[in-house]
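To start, the structure under review is shown below, and the notes come after it.
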Ligand SMILES: [Zn+2]
């Protein structure tokens with residue numbers, strides 16, 4: 001459920017920034033998220049769609065940059081980093097299943113593209129650390 005709280009933080013931050021900028025619609029959202037096992041791009045998008053429904057960000061396209069997490073192979077104990085948002089991480093050395101041992105708890109809105117009533121889309125440079133909200 002951690003993923004839901006993270007995406008709730010993203011949607012809340014985007015709404016606040018859009019409102020502060022007088023936007024009527026958000027069209028693009030650039031995010032940086034610390035990769036963690038079981039938090040895939042698909043899951044992020046699904047949560048976002050659910051949470052953003054009915055808000056100014058409803059039709060926004062998400063662009064996600066994943067920060068690498070550290071994994072350790074269950075079989076050969078090899079440690080490595082991966083930013084692949086995958087359900088199951090495989091050891092690059094032996095092909096065994098690896099467990100996440102550390103990830104960066106980051107979820108940041110880097111920039112937005114917004115539309116104000118009767119105007120062309122505008123790029124908003126931002127760097128908002130979001131806080132997970134429940
Ligand atoms: Zn291995």
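Here are a few things to note about the model shown:
- Remark on the range 5-134: hydrodynamic radius 15.6 angstrom, per the Kirkwood mean of 1/r across alpha carbon pairs.
- Rounded tilt (10° steps) of 2-20 against the dominant C-alpha axis of the chain: 20
- Both radii are taken from the alpha-carbon atoms of the range 35-101; with Rh as the Kirkwood radius, Rg/Rh is 1.14.
- In degrees, nearest ten, helix 41-52 long axis to first principal axis of the chain (Cα): 30
- Neighbour-count order for 110, 105, 125, fewest beta carbons within 10 angstrom listed first: 125, 105, 110
- Label positions at residue 15 and residue 28, each projected 7 Å from the Cα along the C-beta direction, are separated by 2.5 nm.
- Ordered by the number of other Cβ atoms lying within 10 Å of each residue's own Cβ, fewest first, 86, 51 fall into the sequence 86, 51.
- Gain upon complete extension [residue 78, residue 102; 0.36 nm per residue less C-alpha separation]: 7.2 nm
All of the numbers you see were taken from the coordinates with simple rules; none came from a lab. Here the structure is a predicted model, which is why all the values come from computation and not from measurement. Positions of Cβ are backbone-derived with ideal geometry, glycine not excepted, and every protein chain shown enters the neighbour counts.
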